[in-house]
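J.: Would you mind keeping the following structure in view while I ask a few things?
Bear in mind that the values in this text are calculations on the coordinates, not laboratory data. As the structure is a prediction and not an experimental result, all values here were calculated from the model. Positions of Cβ are generated from backbone atoms using ideal geometry, with glycine treated the same way; all protein chains shown enter the neighbour counts.
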Amino acid sequence: MPLEGLKGRKALVTGAASGIGSSIVERLKREGVDVVASEIPSAIRLEDLDEKTWSAVLAANLTTAFLVCREFAPRMKARGFGRIVNFASIAARRGSDRVGVHYAAAKGGIIGLTKTLALELGPHGITVNAIAPGFIRTPAHRGLRLGQRFTRLH
């Protein structure tokens, strides 16, 4: 089913190397959207996590979202219209032993960033939302231990 009103629009998609991000890029391109895409590295387990990797994953997931929003928000404000969709994760809400503590922490930051930007930018005609998908079997998740339950934090 075609999506109305997208032809000729522009979109920036981060995390476009595989999985959901890759599918979003493909669909937007089919709809005539001019897409710019970037890739985000995958996660590892706590015991193997050093500060450099922690920082890299937070930078790739949370800092990048902040920088992109900061870059485009002024132009959206000037037009009085804009749509920002950030990707969080169910791991940010419930915890997970599948994606790594650094990834879950970064995605939790996305939720806070999104809620605050929605309040700040809403009066300027800009909606800011986050999508928090659960675990989706994609090529990037091969080798992860499947079938384990999410860890509830509260």
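J.: Under 13 Å from a point placed 7 Å out from the Cα of R27 along the Cα-to-Cβ direction: which residues of the range 1-15 have their backbone N that close?
T.: Within reach of a label on R27, which here means backbone N under 13 Å from a point 7 Å along Cα→Cβ, the range 1-15 contributes 1-4.
J.: Provide the gained length on full extension for the span I111 to E71, in nm with one decimal, where the gain is 0.36 nm per separating residue minus the Cα-Cα distance.
T.: Details: separation 40, 0.36 × 40 = 14.40 nm, distance 1.87 nm.
So the extension gain works out to 12.5 nm.
J.: Counting only other residues whose beta carbon sits under 14 Å from that of K10, what net charge do I get with K and R as +1, D and E as -1? Walk me through the intermediate numbers first.
T.: Numbers: positive: K7, R9, K29, R75, R79, R83; negative: E31, D34, E71.
Surrounding charge for K10 is +3.
J.: Same structure again: Ranked from highest to lowest mean number of other Cβ atoms within 10 Å per residue, what is the order of the peptides 79-92, 119-132? Before the final figure, lay out the partial values.
T.: Values: 79-92: 17.8, 119-132: 15.0.
Listed from highest to lowest mean packing, they are 79-92, 119-132.
J.: Taking a 26 Å limit on the Cα-Cα distance, which of the listed pairs K52/K115; K52/K77; K10/K115; K77/K115; K29/K52; K7/K77 fall beyond it?
T.: Details: K52/K115 28 Å; K52/K77 36 Å; K10/K115 23 Å; K77/K115 17 Å; K29/K52 35 Å; K7/K77 22 Å.
In this structure, K52/K115; K52/K77; K29/K52 exceed 26 Å between Cα atoms.
J.: For A118 and F135 in the same chain, what is the full-extension length gain: residue separation times 0.36 nm, less their Cα-Cα distance, in nm?
T.: 3.6 nm
J.: Additional query: Can you give me the Cα centroid spacing of the range 48-74 and the range 85-138 in angstrom?
T.: When both Cα centres are located, 13 Å separates them.
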